[in-house]
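Engineer: Below is one structure. I have some questions about it.
The values are calculated or read from the model by the stated rules, or taken from the named source; none is laboratory data. Note that the coordinates shown come from a computational prediction; the quantities given were computed from them, not determined experimentally. All Cβ positions, glycine included, derive from the backbone under ideal geometry; neighbour counts span all protein chains shown. Note: areas computed on protein heavy atoms with side chains; ligands, DNA, RNA excluded. Shrake-Rupley method; radii C 1.70, N 1.55, O 1.52, S 1.80 Å.
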Amino acid sequence: TPGQALLGQMGGVSGLIYSALPVVILVPVSTAFGLLPALIAALSVAAGILVWRLVRRDSVKPALAGFLGVGISALIAWIVGASKGYFLLGIWMSLVWATVFAVSVLIRRPIVGYVWSWVNGHDRSWRRSRRAVLAFDAATLTWVLVFGARFVVQHHLYDADRTGWLGVARIAMGWPLAAIGALVTYLAIRAAQRALHADRAEAAPMADAEQEPVRD
């Protein structure tokens with residue numbers, strides 16, 4: 001399912017845990033010792049995770065992506081001059097993804113449907129089934145809510161200079177909300193599959209009737 005594909009791209013459950021560790025380290029170190037030590041600590045943790053995953057021969061892509069994300073976030077924080085800047089990349093990427101998913105629904109091209117087709121090697125016959133499209137719309141809108149909630153809450157905390165709560169929100173709104181989105185996506189896919197099977201069953205008798213020879 002797209003939910004499983006998304007989880008796989010993030011490195012599985014362990015990848016979600018690893019992604020939270022730099023944040024867990026950053027906030028308390030920043031409070032106790034300042035920005036530079038906090039950024040060094042977060043980068044060190046990310047580098048350690050990268051090496052650990054390479055030694056274990058885990059998937060390299062999420063490990064590299066995670067390290068790169070921490071590096072970019074640390075650079076933004078250094079430019080901003082505050083540890084809260086570390087969260088800016090995630091905040092604005094949430095808005096970008098919420099917008100992309102919402103636009104896909106508005107133009108009747110729900111992203112979840114296309115991801116499902118890509119992951120499973122299916123064609124796009126689901127586009128001709130109104131019920132399947134509606135199911136994929138519902139799943140895509142769920143992800144709009146997930147990304148939108150992350151942006152609204154974390155952007156508010158950023159403006160309020162609540163760096164500690166920003167760290168809490170990043171973790172609390174990370175894999176828990178992703179799990180909800182994945183569950184809704186799974187249910188939507190099941191509904192879309194049932195709709196496609198029903199449409200094929202309804203179309204079969206009509207096709208057979210058209211193929212019957214006309215008798216004098």
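Engineer: On the given criteria, is Leu88 open to solvent by less than 70 Å² (accessible area, probe 1.4 Å), in a helix (DSSP H, G or I) and in contact (Cβ under 8 Å) with a residue 40 or more places away in the chain? Before the answer, list the steps.
Structural biologist: Working: open to solvent by less than 70 Å² (accessible area, probe 1.4 Å): yes; in a helix (DSSP H, G or I): yes; in contact (Cβ under 8 Å) with a residue 40 or more places away in the chain: yes.
Yes; evaluated as a whole, the condition is true for this residue.
Engineer: Here's another thing I want to ask about it. Pull up region 146-195, narrow it to residues that are among the charged types (D, E, K, R) and open to solvent by 70 Å² or more (accessible area, probe 1.4 Å), then point me to the one that is farthest from Ser73 (Cα to Cα). Even if it seems obvious, please write down each step before you answer.
Structural biologist: Filtering region 146-195 for residues among the charged types (D, E, K, R) gives 150, 159, 161-162, 170, 190, 194.
Narrowing the set further to residues that are open to solvent by 70 Å² or more (accessible area, probe 1.4 Å) leaves 159, 161-162, 190, 194.
Numbers: Asp159: 17, Asp161: 17, Arg162: 17, Arg190: 38, Arg194: 43 Å.
That would be Arg194.
Engineer: Same structure, new question: Is it the case that Leu95 is open to solvent by 30 Å² or more (accessible area, probe 1.4 Å), part of a helix (DSSP H, G or I), of a type in the set (A, V, I, L, M) and within 21 Å of Val23 (Cα to Cα)?
Structural biologist: Yes: the conditions hold for Leu95.
Engineer: Can you say whether Phe101 is at pLDDT 95 or above, in contact with a Pro (Cβ under 9 Å, 6 or more places away or on another chain), open to solvent by less than 40 Å² (accessible area, probe 1.4 Å) and of a type outside the set (Gly, Ala, Ser), as far as the supplied structure shows?
Structural biologist: Numbers: at pLDDT 95 or above: yes; in contact with a Pro (Cβ under 9 Å, 6 or more places away or on another chain): yes; open to solvent by less than 40 Å² (accessible area, probe 1.4 Å): yes; of a type outside the set (Gly, Ala, Ser): yes.
Against the criterion (at pLDDT 95 or above, in contact with a Pro (Cβ under 9 Å, 6 or more places away or on another chain), open to solvent by less than 40 Å² (accessible area, probe 1.4 Å) and of a type outside the set (Gly, Ala, Ser)), Phe101 qualifies.
Engineer: Return the pair list, or none, for Cβ contacts closer than 9 Å from residues in region 187-200 that are within 15 Å of Arg128 (Cα to Cα) to residues that are of a type in the set (Asp, Glu) and surrounded by fewer than 17 Cβ atoms within 10 Å (Cβ to Cβ), at least 6 apart or on different chains.
Structural biologist: Qualifying pairs under 9 Å: none.
Engineer: Something else now. Say we look at region 106-124 and pick out the residues that are part of a helix (DSSP H, G or I) and either open to solvent by less than 20 Å² (accessible area, probe 1.4 Å) or of a type in the set (Asp, Glu) (or both); which of these is nearest to Val152 (Cα to Cα)?
Structural biologist: Out of the qualifying residues, it is Val112.
Engineer: What are the residues in region 150-161 that are assigned to a loop (DSSP other than H, G, I, E, B) and in contact (Cβ under 8 Å) with a residue 24 or more places away in the chain, if any? Break it down stepwise before answering.
Structural biologist: Taking region 150-161 as the starting set, the residues that turn out to be assigned to a loop (DSSP other than H, G, I, E, B) are 160-161.
Correct list: Asp161 only.
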